[in-house]
Amino acid sequence: MTRLSPTTLAGLPASVRRPAYDRAALKPGIVHLGLGAFARGHLAEYTEDALEKRFGAWGIVGASLQRPDQRDRLQPQGGLYTLLKLAPTGPELRIIGSVLDVAVAPEGPAALVARMAAPETRIVSLTVTEKGYCHDPATGRLKADHPDIVHDLANPAAPRSAVGMLVAGLKARRDAGLGPFTALCCDNLPSNGQVLRGLVRDFAALVDDKLAAWIEANGAFPATMVDRIVPATTDADIAEVARLIGAEDAAPVIGEPFRQWAIEDIFADGRPDWHEVGAQMVSEVGPFEFMKLRMLNGAHSSLAYLGYLAGHETVAEASGDPVLARFLAGLWAEIMPTVPAPQGVVLGDYAKALLVRFQNPAIRHRTWQIAMDGSQKLPQRLLGTIRERLKAGAPIDHLALGVAAWMRYVTGTDEKGAAIDVRDPLTAELKRRTDAAGSNAAALVSSLTGIEAIFGTDLPGDARFTRAVEAHLASLFEKGAKGTAASLG
């Protein structure tokens, strides 16, 4: 079978949508750090649409910050890949052409910094996951003692953290007499633009006070809210895409039809016409971001832990379980009073739409994938909501079960006694604490809530919180995930 490439595009089936612009004339204008499946299924498609609407120098140069896998898959294809949108009514296939090249940061950090500092680069965007920002999730501040930050401060010409790379690129531009690029965070962090600005400022101040002041005065760090379910691509997905397009594609992306992107419209040097292809350019992203973080992400994480423990491999299976679907309804009922509705949004309708998206049988979004990095996600997705509910004297039964399910999950053993592959930046610390506590719910809650970076100093001392989590955790050990969720009614 032939490999997908610019020379094989013409031979694809007529049902496969191709780039509708002169790709040979496309010049780079965006450097994207962390070119994973989500970036290629969201940012790159919006950019593809904008290029078709109004062509400009907005090609994307992706950068892998750790491994060469993505480069090795995409380079033989000239950067082309298939976006397969899985709707309940059937698949939609599209070849994305907006990605022109992929760099591998560890192989040439100086070259990547030079690319970011080049005059034609006007945006540096990021999807490096929460843990990629080397920050304290509880405070949003830079962890100056993080190994990657320590390395970058000692080796400014060869940074390996995203924050270190941004500062190196901005410094090179300042030194060359250029203005800054826009740093566009597309990760699920609350106030992500503000957080990124603070991290860059903190790092720059450790390098050069004048550089920090220049960035603060001139830099652009728009807040964003991104939304699309993009599961990890499997070997079965690769085989299915090859069957559908009649060519081998080593890097397809699978996604749902739904997508949403709210962007604070502050850019240092222009942007693609994303506003003409569905992106919402707004003066304040906060309400959209807050709604999504608490209602979608909070529900996703809670469902992932309960669903995995209950034996469900995917979100569709878990949310299709009547017991867990009732749990979601109760969870959203606790969350919605803490969420100011964005203009034009009815929160109850939004929750119903989320359930429909979760239950899309064509999307195989693995519960294990969503369960990763829980120590980084819980503070934003669940614990902030819990704090507000406790302050208001309101029940937290469903929210507390989400936390308890995470605690049960990170013990590393499922309900059948099989090992769980727990992936988390704090895996070693979690294992030390869970091994010591065993299946004693009280000891486990006391030990895990003692991790200040996750729970702060307030929640461990609030008996309403610890009692609720402890009761649910004991039930999870005794009755299992479904039995515990069912007991909530």
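The values are calculated or read from the model by the stated rules, or taken from the named source; none is laboratory data. As the structure is a prediction and not an experimental result, all values here were calculated from the model. When we count neighbours, we look across all protein chains shown, and the Cβ atoms used for this are built from the backbone with ideal geometry, even at glycine.
Restrict the check to the stretch 63-70 and report whether at least one residue is charged (D, E, K, R) and free of Cβ contacts under 8 Å to residues at least 12 places away in the same chain. Write out each step before concluding.
Filtering the stretch 63-70 for residues charged (D, E, K, R) gives 67, 69.
Subset that is free of Cβ contacts under 8 Å to residues at least 12 places away in the same chain: 69.
Yes, the conditions are met somewhere in the stretch 63-70.
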Practice item. Tell me, please, whether a residue that is within 22 Å of ALA299 (Cβ to Cβ), touching a residue at least 12 places away in the same chain (Cβ under 8 Å), in a helix (DSSP H, G or I) and hydroxyl-bearing (Ser, Thr, Tyr) can be found in the stretch 409-422. Key: yes
Check your understanding: If PRO272 passes every condition in (1) modelled with pLDDT of 95 or more; (2) surrounded by fewer than 20 Cβ atoms within 10 Å (Cβ to Cβ) but one, which one does it miss?
Key -> (2)
Point to revise | Number of the condition not met by PRO137 [criteria: (1) outside any loop (DSSP other than H, G, I, E, B); (2) under 30 Å from ILE363 (Cα atoms); (3) within 19 Å of the chain's Cα centre (by Cα)] | key: (1)
Review point. Just for the stretch 98-125: of the residues that are farther than 13 Å from GLY29 by Cα and among the β-branched types (Val, Ile, Thr), which one is surrounded by the fewest Cβ atoms within 10 Å (Cβ to Cβ)?
Key: VAL104
Review point. Among the numbered criteria (1) of a type in the set (A, V, I, L, M); (2) touching a His at 6+ places or on another chain (Cβ under 7 Å); (3) free of Cβ contacts under 8 Å to residues at least 60 places away in the same chain, which single criterion is violated by LEU488?
Key: (3)
Exercise for review: Tell me which of these LEU83 doesn't satisfy, since it passes every other one: (1) within 13 Å of PRO19 (Cβ to Cβ); (2) more than 24 Å from the chain's Cα centre (by Cα).
Suggested key: (2)
Exercise for review: Output the residues belonging to the stretch 112-131 that are of a type in the set (D, E, K, R) and either more than 23 Å from the chain's Cα centre (by Cα) or not assigned by TED's automatic domain parsing to the domain that holds ALA44 (or both).
Suggested key: ARG115, GLU120
Review point. Among ILE396, ILE420, ILE451, ILE386, which is the only one that is in contact with a Phe, Trp or Tyr (Cβ under 9 Å, 6 or more places away or on another chain) and either more than 27 Å from ASN188 (Cα to Cα) or surrounded by fewer than 19 Cβ atoms within 10 Å (Cβ to Cβ) (or both)?
Key: ILE420
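So which helices (runs of 4 or more DSSP H) are wholly in the stretch 326-384 and hold at least 1 residues that are of a type in the set (S, T, N, Q)? Steps first, answer last, please.
Values: elements: 347-358, 367-371, 374-378.
Per the criteria, 367-371, 374-378.
Restricting to the stretch 127-144, count the residues that are without any contact (Cβ under 8 Å) to a residue 24 or more places away in the chain and out of contact with any strand residue (DSSP E or B) (no Cβ under 7 Å at 6 or more places or on another chain).
Here is the first cut: in the stretch 127-144, the residues without any contact (Cβ under 8 Å) to a residue 24 or more places away in the chain are 139, 143.
Pick out the ones that are also out of contact with any strand residue (DSSP E or B) (no Cβ under 7 Å at 6 or more places or on another chain) and you get 139.
Residues flagged as without any contact (Cβ under 8 Å) to a residue 24 or more places away in the chain and out of contact with any strand residue (DSSP E or B) (no Cβ under 7 Å at 6 or more places or on another chain) within the stretch 127-144 amount to 1.
If we scan the stretch 138-148, do we find a residue that is polar (S, T, N, Q), touching a Cys at 6+ places or on another chain (Cβ under 6 Å) and closer than 30 Å to GLU452 by Cα?
Narrowing the stretch 138-148 to residues polar (S, T, N, Q): 139.
Narrowing the set further to residues that are touching a Cys at 6+ places or on another chain (Cβ under 6 Å) leaves none.
No, the stretch 138-148 contains no residue that is polar (S, T, N, Q), touching a Cys at 6+ places or on another chain (Cβ under 6 Å) and closer than 30 Å to GLU452 by Cα.
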Exercise for review: State whether the residues of the stretch 362-383 include one that is basic (Lys, Arg), over 30 Å from THR457 (Cβ atoms), within 24 Å of the chain's Cα centre (by Cα) and assigned by TED's automatic domain parsing to the domain that holds PHE465.
Suggested key: yes
Check your understanding: Yes or no: THR427 free of Cβ contacts under 8 Å to residues at least 24 places away in the same chain, crowded, with 19+ Cβ neighbours inside 10 Å and under 20 Å from ASP373 (Cα atoms)?
Key -> no
Review point. Does at least one position in the stretch 328-344 carry a residue that is surrounded by fewer than 23 Cβ atoms within 10 Å (Cβ to Cβ), out of contact with any Ser or Thr (no Cβ under 9 Å at 6 or more places or on another chain), at negative phi and β-branched (Val, Ile, Thr)?
Key: no
Check your understanding: What about PRO88, is it surrounded by fewer than 16 Cβ atoms within 10 Å (Cβ to Cβ), more than 24 Å from SER161 (Cα to Cα) and not small (Gly, Ala, Ser)?
Key -> yes
Review point. Taking only pairs six or more apart or across chains, which ones have beta-carbon atoms under 7 Å, a first residue in the stretch 332-358 that is in the same structural domain as ILE386 (by TED's automatic domain parsing), and a second residue that is part of a helix (DSSP H, G or I) and of a type in the set (Val, Ile, Thr)?
Key: ILE335/THR385; THR338/THR385; PHE358/VAL315
